[in-house]
Amino acid sequence: MNKDYSKYFTPSLKEARKRLNKNVEIIEYNLPKHLIGLGENKKYLIKTYGCQGNLADSEKMAGILEALGYQETFDDADADIIIFNTCAIRENAESRVFGELGRIKGLKKHNPNLLMALCGCMPQEEKVVDVVMKKYPQVDIIFGTHNIYKLGEYLYDAYFTKEKVIEVFSKEGDIVEGLPTKRDHHTKAWVNIMYGCDEFCTYCIVPYTRGKERSRHPEDILAEVQELAKEGYLEVTLLGQNVNAYGKDLNINYTFANLLDDLNKINIPRIRFTTSHPRDLDDATIEVMAKRGNIMPHLHLPVQSGSNSILKKMNRKYTKEEYLDKVSKLRKLIPDISLTTDIIVGFPNESDEDFAATLDLVTQANFEGAYTFIFSPREGTPASKYEDNIDNNTKKERLLTLNKLINEGFLRGNKRFEGQVVKVLVDGKSAKDPNLLTGYTGHNKVVNFPGDEELIGKIVDVKVEKAYTWHLRGIKN
Ligand code: 5AD
Ligand code: SF4
């Protein structure tokens, strides 16, 4: 008997906000036998929006689909199933998805068996499922962030019931281990170390769409990284919304610093991690980073604002001074560290003085890059109820002014490598100039240099000849 999906639930953000003291269970994934072969002679295409968390989820969905027999395609017209793995962080991320859903609606005329699925963060919002049901009837399957491991069952039900399959949970699920994963890259891998977020920054939808903080067990993470090292991967990026809170929910006296220290003993050249929260970044973590080894000298430390009153309204739980204190500690122990950040401008009530405080912080922190955003009210978050009282022109001007300052830091950060020999993990040919190879240094700087294709996937020494704002130009040493 197939499940009855006709009375579907739409998620409740009030429910999603609750943090129950329920134990998180570990589910070992087993591919249900009746699903094997479901994708034979069929092709899938996954469109991924948003953060690295979604990229990692898409790799797991691809893993499930391939285990079912599907093959990957990059051509809309060739696909039998198109999955939209969506992002809800700002309105424009959503508009892109709705635009794309409209654009490819006609594909069903040519391929009546084509299935379209919407998953990720958007369905976890309160209204999206209803909007999609009313305005985008071309969507056949909707599920959220907590149940991607059930993708096979949803496809099976959609094929055999010919009805819409909708399942989105308000509450987070358990941790699923052992999902098959089809990694996009042969030398760089994402490794989730935890899911969810308990910070509740007032502007942010993520604690609602991704649920409460749940850490994976250290032995599962270490085993995954060891396996990746064995398979020849050269770089691992640890993923979590607030990696510095890693382990707190496990009650086993094991912190993010302990995890980094243990990973430092594994024979893999590069470990990175994202994202850090300034309040939770502790001395122990900075000290482990200072041991270097395979831990890369780059830290993405989102500050969001340099104004104490805005930081308070954002519920960030630190002041400008405390943030700068952490930066000093980092620079003292890791003098060459490259620091990047995220900043939001135009938060409700942000005055000229508040914005000036942000510019001052940017100058003092000496960032070498940043993602900058205009505040986007997300329904259901506390900040969406604050009066959005900064006019659009002011928001845009602030963004331009900020970006100019950030770009100066970007160039300064690149210039310090002129004349030096740096280690570059070569990703592939440069998209702009196929005669050049491109890759990243330990400090996370892009380097382009002429070189042979056989260097792709290797770490090579490159002498930096010239620094530009967005990249370094070098020659193989
Ligand atoms: N509006 C604008 N930017 C946001 N971010 C998160 N929520 C919002 C929002 N509502 C930004 C923050 C965060 C990054 C991932 O996205 O800067 O660090
Ligand atoms: Fe959102 Fe804040 Fe959690 Fe980051 S730490 S995901 S900005 S709530």
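The values are calculated or read from the model by the stated rules, or taken from the named source; none is laboratory data. Because the structure is a prediction, the values reported are computed rather than measured. FYI the Cβ positions are ideal-geometry reconstructions off the backbone, even for glycines, and counts take in every protein chain you see. Areas reflect the complete protein model, heavy atoms only, side chains present, ligands, DNA and RNA absent. Shrake-Rupley method; radii C 1.70, N 1.55, O 1.52, S 1.80 Å.
A few notes on this one:
- Compactness of region 195-303 as Cα Rg over 2.2 N^0.38 Å, two decimals: 1.06
- In the chain, helices alone account for a calculated mean residue ellipticity at 222 nm of -9500 deg cm²/dmol, with every DSSP H run of four or more residues adding -39,500 (n - 2.57).
- Full extension of the segment from Asp174 to Glu91, taken as 0.36 nm per residue of separation minus the current Cα-Cα distance, would add 27.0 nm.
- Exceedance of the 31 Å cut-off in Cα-Cα distance is limited, within the set Lys105/Lys150; Lys230/Lys326; Lys317/Lys396; Lys415/Lys458, to Lys230/Lys326.
- Computed from label points 7 Å out along Cα-Cβ, the spacing between Ile266 and Ser6 is 4.9 nm.
- Only beta bridges with both residues in region 182-324 are counted; by DSSP, about 15 percent of them are antiparallel.
- Percent antiparallel among DSSP beta bridges (both partners in the chain, rounded to 5): 35 percent
- Cα long-axis angle, helix 52-67 against the chain (0 to 90 degrees, to the nearest 10): 40 degrees
- Value of D in µm² per second that Stokes-Einstein yields for the chain, Kirkwood Rh from Cα pairs, at 37 °C (0.692 mPa s): 138 µm²/s
- Accessible surface of Glu379 - all protein chains present, 1.4 Å probe, nearest 10 Å²: 110 Å²
- 0 to 90° range, to nearest 10: angle between helix 392-415 axis and the chain longest Cα axis: 60 degrees
- Computed extension length for Thr73-Lys33: 11.9 nm, one decimal, from 0.36 nm per residue of separation with the Cα-Cα distance subtracted.
- Taking the DSSP beta bridges with both ends in region 342-461, the antiparallel portion is around 75 percent.
- Shape of region 90-152, Cα gyration tensor, a/c cut at 1.5: oblate
- The simple spin-label model puts a point 7 Å past each Cα toward its Cβ; for Asp336 and Lys396 those points are separated by 4.2 nm.
- Heavy-atom SASA rank of Arg331, Arg103, Arg292 (probe 1.4 Å, accessible area, largest first): Arg103, Arg292, Arg331
- The largest accessible area among Asp78, Asp352, Asp336 belongs to the first residue in Asp352, Asp78, Asp336, and the rest follow in falling order (1.4 Å probe, all chains).
- Two-site FRET efficiency, Asn435 against Tyr254, from Cβ-Cβ distance with R₀ of 41 Å, rounded to 0.05: 0.30
- Hits among aspartates and glutamates - C-alpha to C-alpha of Lys33 under 20 Å, sequence gap 8 or more where chains match: Glu66, Glu153, Asp157, Glu177
- Those GluC sites (Glu not before Pro) in region 39-68 that DSSP places in a loop and that have at most 11 other beta carbons within 10 Å: Glu40
- Angle between the chain longest axis and helix 91-103 axis [Cα atoms, degrees, rounded to 10]: 40 degrees
- Taken about its Cα centre, the chain carries a charge dipole of about 500 debye when Lys and Arg each add +1 at the Cβ and Asp and Glu each add -1 at the Cβ.
- Using heavy atoms of the protein chains and a probe of 1.4 Å, the accessible area assigned to Arg90 is about 60 Å².
- Placing Ser12, Ser58 in order of accessible area, with the largest value first and a 1.4 Å probe, yields Ser12, Ser58.
- With all pairs of separate Cα atoms included, region 1-72 yields a Kirkwood hydrodynamic radius of 15.7 Å.
- Full extension of the segment from Lys135 to Arg19, taken as 0.36 nm per residue of separation minus the current Cα-Cα distance, would add 38.5 nm.
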